[in-house]
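Take a look at the structure below.
Derivation of every value follows stated rules applied to the coordinates shown; laboratory data play no part. For clarity, every value in this text was computed on a predicted model and none was experimentally measured. Ideal geometry is used to build each Cβ from the backbone, glycine not excepted, and the neighbour counts take in all protein chains shown.
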Amino acid sequence: MTLTLENVSFSYRTRYQTVNAVKDVSCAFEAGTFSALVGRSGSGKTTLLSLMAGLEKPDSGTITVNGESMAQADIDRLRREQVSVIYQNYNLFPLLTVLENVMYPLLLKKMPRKEAEQLARKTLARVGLDAGYYKRLPAMLSGGEQQRVAIARTLASGTEIILADEPTGNLDGENARNIVDLLKGLAHEDGCCVVVVTHDTGIADQADAVYRMDSGALTLDQDLG
Ligand SMILES: Nc1ncnc2c1ncn2[C@@H]1O[C@H](COP(=O)(O)OP(=O)(O)OP(=O)(O)O)[C@@H](O)[C@H]1O
Ligand SMILES: [Mg+2]
């Protein structure tokens with residue numbers, strides 16, 4: 001699975017001004033790699049992630065997933081089957097329990113309920129959440145626990161491209177390290193293509209490649225692989 005961007009540009013246009021948030025970005029994110037995306041506030045990191053997730057369409061340039069252009073792809077299918085996004089604020093469904101949150105994308109994919117429940121239990125165990133958590137609502141969890149549910153949901157959905165926007169922004173050091181280990185494992189053990197936006201140099205240090213956004217332009221900071 002490869003996610004490729006070629007000469008991608010994107011602007012936010014309002015009545016009063018145009019912000020060129022992403023400028024002529026070209027790069028390729030490969031399966032099995034854990035990439036970090038760093039850069040100052042407002043440099044365009046979240047915008048780039050939204051483009052890569054198919055949530056925004058580029059003004060020019062192309063984004064391809066495994067050679068298939070996103071412009072041609074069925075975005076709903078893409079999001080169900082290939083690309084998932086983990087947000088800083090977790091985006092869990094507040095009225096669904098922990099178990100239901102993880103089962104949700106599986107049921108959307110028409111997985112039988114029993115099978116979905118088994119897989120949800122298995123992936124929750126992988127992120128260190130046992131049966132005691134299944135029936136709780138997200139509001140009854142700590143920030144780190146909510147983030148782990150969000151990651152379990154991503155794990156269970158089995159998408160090979162995982163984009164995370166400041167996934168450890170609200171977490172303490174130990175929880176942050178656990179989340180990073182999980183994301184790294186997804187790349188190195190499960191062969192996923194993982195891209196993480198982060199301000200945390202501790203995370204960037206562990207990445208296979210570090211990309212830097214600067215006023216909408218992307219450069220490769222260092223390549224340790
Ligand atoms: N909906 C919007 N409408 C207009 N301008 C926007 C919108 N969203 C973001 N921008 C502008 O686009 C630029 C890039 O924003 P973006 O959110 O991608 O930055 P970022 O690198 O993620 O910043 P941060 O680290 O603070 O999250 C900024 O100048 C921002 O003000
Ligand atoms: Mg952002």
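Tabulated data
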| quantity | calculated |
| --- | --- |
| Ordering of 167-178, 27-38 by packing [mean C-beta count within 10 Å, highest first] | 27-38, 167-178 |
| Added length on full extension, which subtracts the Cα-Cα distance from 0.36 nm per residue, residue 136 to residue 96 | 13.6 nm |
| Mean Cα-pair separation over length for the range 3-75, i.e. relative contact order, pairs under 8 Å, 6 or more apart, % | 39 |
| In Å, descending, principal axis extents of the Cα set of the range 74-143 | 37, 29, 22 |
| Bins of 10 Å, starting at 0 and running to the largest distance - Cα pair percent for the range 2-78 | 18, 51, 27, 4, 0 |
| Student exercise, the range 33-92 dipole from Lys, Arg, Asp, Glu Cβ charges, in Debye to nearest 20 | 220 |
| The chain, relative contact order [Cα under 8 Å, separation at least 6], % | 31 |
| Helix-derived mean residue ellipticity, 222 nm - over the chain, DSSP H n ≥ 4, -39500 (n - 2.57), to 500 | -10000 deg cm²/dmol |
| Environment charge at residue 22 (Cβ cut-off 15 Å; Lys +1, Arg +1, Asp -1, Glu -1) | 0 |
| Unit Cα scatterers, Debye sum, the chain: log10 I(q)/I(0) for q = 0.13, 0.15, 0.18 Å⁻¹ | -0.75, -0.99, -1.34 |
| Segment residue 107-residue 126, length gained on full extension (0.36 nm per residue, minus Cα span) | 4.8 nm |
| Signed unit charges on C-beta, dipole axis of the range 1-119, positive-most listed residue 83, 10, 42 | 42 |
| Overall Cα dimensions of the range 54-114 - principal axes, largest extent first, Å | 41, 28, 14 |
| Cα centroid separation, the range 106-184 to the range 2-38 (Å) | 27 |
| In Å, descending, principal axis extents of the Cα set of the range 130-225 | 44, 26, 23 |
